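What follows is a set of notes on a single structure, which appears directly below.
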Amino acid sequence: MGAKRIYQEYQRPILGLVSVAGLFLAWELVLTYLVPLNPFFFTKPSLIATAFQEQVLGGRLWHDLIISSRAFLWGFSCAIAVGIPVGVLMGWRRRAEYTLDPFLTALYASPLVALAPLIIVVFGVGLLAKSVLVFLLAVFPFIFNAFAGVRSTDRLLINVVKSFGGKEKDLYFKVILPSTLPYIVAGTRIAIGRGLVGIIVGEFVAASEGIGFAISRFGDTYQLPEMFAAIFFLMITAIVLTEGMRKLEAALAPWRVGQEAR
Amino acid sequence: MVPYIQAKNLNLTFRPKNRDPVTALLGLDLEASQGEFLSLVGPSGCGKSTFLNVLLGLLKPDSGDIRLNGNRITGPGQERAMVFQEFGLLPWRTVQANVELGLELKGVAAATRRQRSAELITLVGLNGFEQHYPHELSGGMKQRVGLARALATDPDVLLMDEPFAALDAQTRDLMQMELLQIWDRAKKTVLFVTHSIEEAAYLSDRVVIMTARPARTKSTIKINLPRPRDYEMRLSAEFNDIKARIWETLKEELMTRSAGDGS
Amino acid sequence: MTRLVNFYTEREHYILGGGFILLLIIAWESVPHLVALPRALSLFFTTPSKVWETFYELLVRNEVQAHFYVSATEFLLGLGLAILFGLPLGLIMGRSSVMDAMFDPYVTALNATPRIVFLPLLILWLGLGIWSKVMIVFIGAVFPLLINTYEGVKNVDRVLVNVVRSFGANEWQVMKMVVLPNSLLYIVVGLRLAIGRAILGVVVGEFYGATKGLGAMMARAASAYQVDVVFVGVAIFMAVSLIFTLTVKKIESKLTRWRPEAVKSF
């Protein structure tokens, strides 16, 4: 009875854990007992765990992560600094929307990573090119979500604040900002995903360090456990960032939970 | 004589995951004769809707017996149809296609369906709106569609779960009158769940008052007002007496309920 | 005069939007005419007219076509596989809470991670031919489809299911009459996102490891400083993305006729 109750209560995490643990266990067992392991072609969890320990605790992957983060943060900060004001402007001034919308929509719909070779030709291998790539990919979610947030502001609420004698400043801080903020946070989550793509592509195409470069180099040298360790390391980072944003979204705007904007 | 609708000693307990079980029906007995307009009133959340869903065949009682015309109800059937409180219109279907839903599931040919739905759309006064989508209609119009859909399969029993609760007062009055006219012509047996004493008294032949959860029938009041009933009748002393009687009985249950909530 | 003003106000939307794009192109075209570019910079610089000339030349020499064909094959195969797997899996996860709980960790983890990190692994396993690219397109495109199908199935209105059941519908009819129509819009939105991811997969995959395809053409051109060839590739990818996005948006608005407001997705 007790065990059954616990199961019912925590069914989701239990089943999730069972399925993940089961997969890794099966992976390990199959390559240990059933199929001979060709280390140039495949690897197994125990080897990955060892590599993870060496690479992460040994500091090599941390170093790569820091290199990658630097470019990510530069590009991301610029995306915020440019994206939010442009989006707010488009939401607030109809002419600005008319002028910029077709151009930005076209860019947003295009695969901007196609510019990667060009950016590297122009800006060279290194921090600057990667930052530009991150910026290009991450700026659009900020623009469009800030825009949608301002647009979604309830006219009624603006009138309510005005009717109580609110000034322009009050409108911004008491109505527009609170109703736009959840949109911007949702945009941040999307931007993180796109920014990560930017970093990885930049480091795949041309780099000498960074986590994308590490994955690529481990691939070139057939160091499969190390490559998987790097992939898992990046995966953990990405999950922490994305899920953190999701939590923040829920905390900032509990009334919007479940309304997905992807 | 066997009653047309007969529920005997119905019991139903919900056992939601991670929460305490809720007994919705406890030894519920109820009878209705053919062609009767019967209303069920009771404290909110008392299990009236649960009973309708059992009668409709969507819920199975844990124990007890429920029969229509002597036949045990085991699942949904064409001889019963429900008008839902929140309309329950399929948003991606036009008015016409919504009305035809039951006929479609019955396997009626398209041409016959069209003819039948046209008749019913006329009956509920929605001519010209056949190709509209639900979101383009007002609440009153949506419920007319709901009514037309329920009538389309020509059921013998019409189940109505607070059908007018989501409408504004005037639309509600109007819909009540129209429902009476339609009922008068079509001679269906109607089981009508409502919160409104006035609505129950105005529409019904009998009003069944239910206890606070778990639901049992507390008492039945016969409404001996002449038919057809017009709106003015609601102003008569007789009508108000009936309302007062229903209210007296219901009040005890409402007290029980609020006392129960307090503990 | 008033007529001119009216003409403008009625079409302000298009005039401002189109005008801005036109202005940018003209400005870009006239840069070399206005300023003398330093030698080093002129190496990287090209103009829209030069890009157009290069495009024409490559077309005549039958070069773009061959690359385009390879890229299109990768795109279509990968996207097709993604649809083939994403929709049923989303449907299953939406209808069964056990499957949902068991697949959720993978979906969450893989959806958060940029899927292109698997590129080196896929090249290692599948080589430089089209299949490594088909697979990267597939794992990029499958998640938006899966997740949106799932959401669509999950967000089915219980009342509507009951309504249809009360008229005697069986499980399959409930699926056909309620679950699928409700999910359709979500699926189409998912498809639009999936197309974007698929094109991304083609581009990056071919940059990274391929000998044929538009991305490979661009990567080679970039290392030889043939900037106009790179721009030809950029323009083709842009055009294809826009055509697909606009088409799917059209379908979306057709499907939303019954809905007062579209599902938001940006």
Complete set of residues in region C:231-246 that are of a type in the set (Gly, Ala, Ser) and more than 8 Å from chain A (Cβ to nearest Cβ): C:ALA235, C:ALA239
Helices (runs of 4 or more DSSP H) enclosed by region B:148-263 - at least 2 residues per element that are open to solvent by 60 Å² or more (accessible area, probe 1.4 Å): B:169-186, B:237-262
Do we find a residue being surrounded by 15 or more Cβ atoms within 10 Å (Cβ to Cβ) and within 30 Å of C:ILE187 (Cβ to Cβ) anywhere in region C:30-48? no
Filter result (farther than 23 Å from A:GLY149 by Cα, in a helix (DSSP H, G or I), open to solvent by less than 30 Å² (accessible area, probe 1.4 Å) and free of Cβ contacts under 8 Å to residues at least 60 places away in the same chain) within region A:66-116: A:LEU112, A:ALA114
Can you tell me which of (1) free of Cβ contacts under 8 Å to residues at least 24 places away in the same chain; (2) facing chain C (nearest Cβ under 9 Å); (3) hydroxyl-bearing (Ser, Thr, Tyr) is the one A:TYR172 doesn't meet? (2)
Against the definition (in a helix (DSSP H, G or I), within 25 Å of A:SER216 (Cβ to Cβ), within 14 Å of chain A (Cβ to nearest Cβ) and of a type in the set (A, V, I, L, M, F, W, C)), how does C:PHE103 come out, yes or no? no
Identify, by number, the condition in (1) part of a loop (DSSP other than H, G, I, E, B); (2) open to solvent by less than 40 Å² (accessible area, probe 1.4 Å); (3) free of Cβ contacts under 8 Å to residues at least 12 places away in the same chain that A:SER19 doesn't meet. (1)
Can you name the condition, by its number, that C:LEU214 falls short on among (1) out of contact with any His (no Cβ under 7 Å at 6 or more places or on another chain); (2) surrounded by 19 or more Cβ atoms within 10 Å (Cβ to Cβ); (3) facing chain A (nearest Cβ under 10 Å)? (1)
For residues in region B:82-92 being more than 7 Å from chain C (Cβ to nearest Cβ) and open to solvent by less than 40 Å² (accessible area, probe 1.4 Å), which is modelled with the lowest pLDDT? B:PHE87
Taking region C:200-211 only, how many residues are facing another protein chain (nearest Cβ under 10 Å) and open to solvent by 10 Å² or more (accessible area, probe 1.4 Å)? 3
Taking region A:1-16 and the residues there that are in a helix (DSSP H, G or I) and hydrophobic (A, V, I, L, M, F, W, C), the one that is farthest from C:VAL98 (Cα to Cα) would be A:ALA3
Residue match in region C:122-135 (condition: among the β-branched types (Val, Ile, Thr), in contact with an Asp or Glu (Cβ under 7 Å, 6 or more places away or on another chain) and in contact (Cβ under 8 Å) with a residue 24 or more places away in the chain): yes
Enumeration of residues in region A:117-141 that are open to solvent by 20 Å² or more (accessible area, probe 1.4 Å) and more than 9 Å from chain C (Cβ to nearest Cβ): A:PHE123, A:GLY124, A:VAL125, A:GLY126, A:LEU127, A:LEU128, A:VAL132, A:PHE135, A:LEU136
Is it true that C:THR245 is in the same structural domain as C:GLU63 (by TED's automatic domain parsing), at pLDDT 85 or above and farther than 28 Å from A:GLY124 by Cβ? yes
In region B:128-147, the residues that are assigned to a loop (DSSP other than H, G, I, E, B) and in contact with a helix residue (DSSP H, G or I) (Cβ under 6 Å, 6 or more places away or on another chain): B:PHE129, B:GLU130, B:HIS132, B:TYR133
Considering only region C:210-255, state which residues are assigned to a helix (DSSP H, G or I) and among the basic types (Lys, Arg). C:ARG220, C:LYS249, C:LYS250, C:LYS254
I'd like to know if region C:77-86 contains one or more residues that are assigned by TED's automatic domain parsing to the domain that holds C:VAL232 and either over 23 Å from the mean Cα position of the chain (by Cα) or open to solvent by 80 Å² or more (accessible area, probe 1.4 Å) (or both). yes
Please tell me if C:ALA66 is among the small types (Gly, Ala, Ser), part of a helix (DSSP H, G or I) and open to solvent by 50 Å² or more (accessible area, probe 1.4 Å). yes
Before we move on, is C:VAL51 in contact (Cβ under 8 Å) with a residue 12 or more places away in the chain, touching a helix residue (DSSP H, G or I) at 6+ places or on another chain (Cβ under 8 Å), within 13 Å of chain A (Cβ to nearest Cβ) and surrounded by 13 or more Cβ atoms within 10 Å (Cβ to Cβ)? yes
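One line per residue, one yes/no per condition, for (1) modelled with pLDDT under 80; (2) within 18 Å of the chain's Cα centre (by Cα); (3) under 25 Å from A:ALA251 (Cα atoms); (4) surrounded by fewer than 24 Cβ atoms within 10 Å (Cβ to Cβ):
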| residue | (1), (2), (3), (4) |
| --- | --- |
| A:LEU177 | no, no, yes, yes |
| A:THR180 | no, no, yes, no |
| A:GLY202 | no, yes, no, no |
| A:GLU209 | no, no, no, yes |
Taking the stated definitions as given, is A:PHE144 touching a residue at least 12 places away in the same chain (Cβ under 8 Å) and more than 12 Å from every other protein chain (Cβ to nearest Cβ)? no
Of the conditions (1) more than 28 Å from the chain's Cα centre (by Cα); (2) within 13 Å of another protein chain (Cβ to nearest Cβ), A:VAL20 satisfies every one except a single condition; which number is it? (1)
Residue satisfying all of: in region B:9-43; loosely packed, with under 14 Cβ neighbours inside 10 Å and charged (D, E, K, R); nearest to B:ILE221 (Cα to Cα) among these: B:ASP29
Quick check on this structure: which one of C:LEU191, C:LEU180 is within 30 Å of C:LEU121 (Cα to Cα) and more than 9 Å from every other protein chain (Cβ to nearest Cβ)? C:LEU191
Say we look at region A:142-160 and pick out the residues that are among the aromatic types (Phe, Trp, Tyr) and in contact with a helix residue (DSSP H, G or I) (Cβ under 6 Å, 6 or more places away or on another chain); which of these is most open to solvent (accessible area, probe 1.4 Å)? A:PHE147
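The values are calculated or read from the model by the stated rules, or taken from the named source; none is laboratory data. The structure displayed is predicted, hence computed values, not measured ones. Note that we place each Cβ from the backbone using ideal geometry, even for glycine, and neighbour counts take in every protein chain shown. We work out accessible area using only protein heavy atoms, side chains counted, and drop any ligands, DNA or RNA first. Shrake-Rupley method; radii C 1.70, N 1.55, O 1.52, S 1.80 Å.
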